[in-house]
Amino acid sequence: MYNVIKSEVNNIPVVIIETGKFKTITLQIQLRSKMTRDRVTARNLLSQMMIKRTDRHKGEAELMNHLAHYYGAHLTTGASRKGQDHIVSFAMEFVNDKFIKEDMNVPQEMCTVLNEVLKTPFNYDGAFQAFFEREKRLYKNRLKSMKDNRAQASFQAMVDTMFEHEDYKYLPHGVLEDIDALTLDDVKAEHKKMMAEDDMVILAAGSVNESITEELSLIYARETPVEQTHQPYPHAAVGEVKRETDHQQIEQAKLNMGFRADLDSATMRMAFNVLNQMFGGSPSSYLFSNIREKQSLAYQIGSQIDMRNGYMFVMGGVDPENLKKAETGILEELERFRNGDFKDEFLNEIKGMMRVNRKEIMDKPKGLIALEYNHLLKSEGTPSWEAQLESVDREMIIEVSRNVKLDTIYVLRESEKNEAD
Amino acid sequence: MKLIEYKDIDEKVYRHTNANGLETFIVQKPGYSKKFATYTAKYGSMDDHFTVDGESHRVPDGIAHFLEHKMFEKEDGDVFNLFSKYGASANAFTSYDRTSYLFSATDDFDKNLKLLMNMVEQPYFTDETVENEIGIINEEIKMYQDNPGYRLYFETLNQMYHHLPVKTDIAGTQASISKITKEHLFLCHSTFYHPSNMVLILVGDFDVEALMTFVDEHQNARGIEYIPEIERKLPEEPADIVQKENIIEMDVQETKIMLGFKSMQESLDNTARQRRDISMIFALDMVFGEQSEFYYEMMDSGLIDDSFNYSHMEEASFAHTMIALNTQDPKTFRNRFIQIIDEVKQKEFFTEEKLSNQKREILGDYLASLNSPEYIANQFTKYHLDGYDLYHLPEIIDDITVDEVKADFIDVMDTDYMVECILKPHG
């Protein structure tokens, strides 16, 4: 269905994913290094600045108009977490030349723009100061406004409680309290470090073949290859369950629960993934069909995992009167897996659904890029995704569910003055 | 079955109308694993007052959404789980003018399509299941009420519209949905889920001939020949607004402001409406978009941040532009915003050069969207129900002129028809 060509350009690994089904070509640059509090906020601010002004296009309107001229090429940046690592990515998506009626070399121009994006911060000087201050303000506003999204805010509060003494509590989008103290020099220093020390990969997806390597070579050059290891966080044992409750003027309470599992192999991580889909990660899961549909204990309910690190999070929107019942109900549903109270048919159905989801990811340029990037991060000899999924059976689901331990319960509920007994 | 080929954008569509009135479109997407189906009734939250075969009916607010929820439930359980069993993921949504049921699957497409058609075509309602649903939807309404953006949006609509049901929450209110009975549901189902009021869109890599036959045989077997006459009754809506300014308080961190420009006008034909819709996108992007100097001027002076957004809706029964953002100083923003509108109206702001870049950009975005079968299925439906063709968009884009953009901007961004709503923290 698609063809993957791996090579190296200017000491940077390059992955070319060749498929004819898209109308666009997508380029992505991944920059990965260990996530630490003292870097994560600067990295986010930096990456936002990088996609807005370059040495050639000194104002945002100018850069945006340049991209618009090239048929609305999209330059975006994102930050995410994998294992212990923080990844900053830059993506450029543009229309395949075949649909353009005039003569222009879009891939070449877009690679040149990416080069300017990556290099400009070396030249940040006093002229960028006002721009820097403005970006700080925008970044602060973005993180602040996340607090008005109750679900997001209560998730963050749960993470703060659960990982009080661990780096995991710093979310990949950075730390609000750290923004004020950042200077333009900090951001410049972070950029220098990122370009010198981060593990960097360039990926391209769409109607492209080896010949695009010539354009890709314009993006960046390193004098020697740089490689960073990739590890999950070590497992931390669970002690007494931590509890935290906050109050706000809201009608619907938020119930969040955090769990940890000790996973020692890729196959067990896959079993954890399957368990999550059965427990709360899909519309046919136990939480959705029992807690929400049958018992009407929650309007929203679901679970998600950080597969590499072995964390599972349950998030629910619950009538305040039902908080206790919902909490007990959720734990009972998990207990059913520990007791083997599920049908093989259901397990197979979920595995089938996961295969479908994976195929669907391949229908998106960025999905294909994410899959191929994950391949690169796998250690040698790891069984294929399909082989891992195939091997997950009933016993493994029971084993992994017994390994999942409740760590934290966080509740956001209505103000105390109208709280029910 | 008719084949329509769009050579410039490399797309193929097959169209067929069944004897019972149902229209089916197959959009062929070679190389895609995912197959997508939407089955849509031209029936939404605005259709609360109607006449069918001469008899007039008024139904409680929120009933279209209620009906959508209830269609998944049958005598032998929840159809949702069956989709999962067959490897598909299903969903549904209701807007003010349509109700869509959809699923995506990579395998067993026919089996899932049969399930979807049967689910939507065969109602099952009892007093008990209706009662149970009221509880579930009440929770949904509460959740929306806790969402500051949602509250602000509906408050603003209520300041703009006197009577049009677009101002009512799609889910209805706790009071209105408690009045819903199974008789209401049967009535709305038989009226609006009639095949002549529905469209089926299938997107993916198919054996087109076999698939169309499969749909046709299923539809023929339903034995529906009679096509009812539906007349929707919309209240008369005056051009003027209800309330100029409004302030609401919620437990939020940040102050938000929303501006609405109401633009009632003589009803346009479908093509004129689509032109105006696109022309307004151009105008708003040129004046307030990320390519505009005004945008950065407001950004640099701290009046806006990247929560700033705008949209225009151009529908058969109403049209409006809305602007929203988080700001600590809503009044200063509002004043500068109005000044900008005046400046733009007075000088030669809209130029060929600006428009040409806009056209390239929107064309690029459009082509990128066609990577997504999901986008195609949803947008194809919307455009079709509105009487347009999604795949003719490039021609319309190409055709729009600077004068048109300017005229539409001046007409819509009229501060006499502007409302403002501020949502701020308590105290």
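Test of the criteria: in the range B:273-377, which GluC sites (Glu not before Pro) are in a DSSP loop and have at most 13 other Cβ atoms within 10 angstrom of their Cβ? Qualifying residues, ordered by number: B:348. Here chain B is treated with +1 on each Lys and Arg Cβ and -1 on each Asp and Glu Cβ, and its dipole about the Cα centre works out to around 360 debye. Compute the helix-to-body angle for A:150-162: its Cα long axis versus the longest principal axis of chain A, expressed 0 to 90° and rounded to tens. Taking the Cα atoms of chain A, the angle to A:150-162 is about 80 degrees. Overall, the ratio between the Cα radius of gyration of the range B:2-232 and 2.2 N^0.38 Å, rounded to two decimals, is 1.08.
Normalising by residue count, chain B has a Cα convex hull of 157 Å³ per residue. On C-alpha positions alone, give me the angle between the axis of helix A:129-145 and the longest principal axis of chain A, in degrees, nearest 10. Result, in degrees: 20. Counting Lys and Arg as +1 and Asp and Glu as -1 over every other residue whose Cβ lies under 11 Å from the Cβ of residue B:171, the net charge comes to -4. Each other residue within a Cβ distance under 9 Å of residue B:299 adds +1 if Lys or Arg and -1 if Asp or Glu, for a net charge of -4. The relative contact order of the range B:296-366 comes to 21 percent, based on Cα pairs under 8 Å that sit 6 or more residues apart.
Close lysine pairs were tallied over the range B:245-425: pairs 8 or more places apart or on different chains with Cα atoms under 13 Å apart number 6.
Which whole-number percent gives the relative contact order of chain B, counting Cα pairs below 8 Å spaced six or more residues apart? So the answer I get is 22 percent. Our helix-only sum for chain A, with -39,500 (n - 2.57) per DSSP H run of n ≥ 4 divided by its residues, gives a mean residue ellipticity at 222 nm of -12000 deg cm²/dmol.
Translational diffusion of chain A, estimated by Stokes-Einstein from the Kirkwood radius over alpha carbon pairs at 4 °C in a medium of 1.567 mPa s, is 55 µm² per second. Short to long, the 10 Å bins of the Cα pair-distance histogram for the range A:242-418 hold 9, 34, 32, 18, 5, 0 percent of all pairs.
For the protein assembly as shown, the fraction of 1.4 Å probe accessible surface lying on carbon and sulfur atoms is 46 percent.
Along the range A:353-367 the Karplus relation, 6.51 cos²θ - 1.76 cosθ + 1.60 evaluated at θ = phi - 60°, assigns HN-Hα couplings of 5, 5, 5, 4, 4, 5, 5, 5, 4, 6, 7, 10, x, 6, x Hz to successive residues, with x for each Gly and Pro.
Scaling the Cα radius of gyration of the range B:1-42 by the globular reference 2.2 N^0.38 Å produces a ratio of 1.33.
Taking GluC sites (Glu not before Pro) across the range A:228-315, the ones in a DSSP loop with at most 11 further Cβ atoms lying within 10 angstrom of their Cβ are A:240.
Straight-line reach from residue A:193: taking Cα to Cα under 30 Å and skipping same-chain neighbours fewer than 8 places apart, the lysines in range are A:6, A:34, A:52, A:58, A:82, A:119, A:136, A:140, A:144, A:169, A:366, A:378.
Does the range A:3-216 come out rounded, prolate or oblate, given a ≥ b ≥ c as the square roots of the eigenvalues of its C-alpha gyration tensor, rounded meaning a/c under 1.5 and, failing that, prolate meaning a/b above b/c? Because a/c hits 1.5 or more and a/b exceeds b/c, the range A:3-216 counts as prolate.
Residue by residue, the range B:392-406 carries 3J(HN,Hα) couplings of 9, 3, x, 5, 5, 3, 4, 7, 5, 10, 4, 4, 5, 4, 5 Hz when phi is fed to the Karplus relation 6.51 cos²θ - 1.76 cosθ + 1.60 (θ = phi - 60°); x denotes Gly or Pro.
The eigenvalues of the Cα gyration tensor, multiplied by 5 and square-rooted, give the protein assembly as shown an equivalent ellipsoid with semi-axes of 39, 36, 31 Å from largest to smallest. Measuring max minus min along each principal axis, the C-alpha atoms of the range B:1-114 give extents of 47, 34, 25 Å (largest first). Taking only alpha carbon atoms, the range B:224-298 gives an Rg to Rh ratio of 1.13, where Rh is the Kirkwood radius.
Rounded to two decimals, the Cα radius of gyration of the range B:244-370 over 2.2 N^0.38 Å is 1.16.
Across the range B:378-389, coupling constants 3J(HN,Hα) worked out from phi with the 6.51/-1.76/1.60 Karplus curve, θ = phi - 60°, read 5, 6, 4, 4, 4, 4, 4, 5, 7, x, 10, 10 Hz, and Gly and Pro carry x. Working from label points 7 Å from Cα in the Cα-to-Cβ sense, the residue B:19 to residue A:343 distance is 4.0 nm.
Working value for the range A:74-191: equivalent-ellipsoid semi-axes of 33, 20, 14 Å, each the square root of 5 times a Cα gyration tensor eigenvalue, largest first. Cα axis of helix A:37-50 to longest principal axis of chain A: angle in degrees, 0 to 90, nearest 10? Here the helix axis deviates by roughly 50 degrees. Does the range A:293-346 come out rounded, prolate or oblate by the C-alpha gyration tensor, with a ≥ b ≥ c the root eigenvalues, rounded set by a/c under 1.5 and, if not, prolate when a/b is larger than b/c and oblate if not? Oblate, since a/c reaches 1.5 and b/c is not below a/b. Distance between the 7 Å Cα→Cβ label points at residue B:4 and residue A:321: 5.2 nm. The helix-only estimate of mean residue ellipticity at 222 nm for chain B, built from DSSP H runs of length n ≥ 4 each weighted as -39500 (n - 2.57), is -13500 deg cm²/dmol after division by the residue total. For residue A:343, the lysines whose Cα falls under 24 Å of its own Cα, not counting residues fewer than eight places away in the same chain, are A:294, A:351, A:405, B:74, B:85, B:111. The largest-to-smallest principal axis extents of the Cα set in the range A:122-250 are 57, 41, 31 Å. Once backbone amide H atoms are built at 1.01 Å from N, residue B:43 has B:98, B:99 as its partners under 5 Å, excluding neighbours fewer than 5 places away on the same chain. Residues whose amide H lies under 5 Å from that of residue B:4, counting only those 5 or more places away or on a different chain, are B:13, B:14, B:15; hydrogens are built 1.01 Å from N in the peptide plane.
Excluding ligands, DNA and RNA and using a 1.4 Å probe, chains A and B jointly bury around 5100 Å² of accessible surface, summed across both partners.
Panel values: the range B:89-196, Kirkwood radius from alpha carbon pairs, Stokes-Einstein at 20 °C and 1.002 mPa s, translational diffusion coefficient 131 µm²/s. Distance between the C-alpha centres of the range A:352-421 and the range B:74-114: 23 Å, rounded to the whole angstrom.
Rolling a 1.4 angstrom probe over the protein heavy atoms with all chains in place gives chain B an accessible area of 40 Å² per residue. If the Kirkwood radius is taken over C-alpha pairs of the range B:142-244, then at 20 °C and 1.002 mPa s the Stokes-Einstein diffusion coefficient equals 118 µm²/s.
The values are calculated or read from the model by the stated rules, or taken from the named source; none is laboratory data. Remember, it's a predicted structure, so these values are computed and weren't measured experimentally. Virtual Cβ from ideal backbone geometry, glycine too; neighbours counted across all protein chains shown. Areas reflect the complete protein model, heavy atoms only, side chains present, ligands, DNA and RNA absent. Shrake-Rupley method; radii C 1.70, N 1.55, O 1.52, S 1.80 Å.
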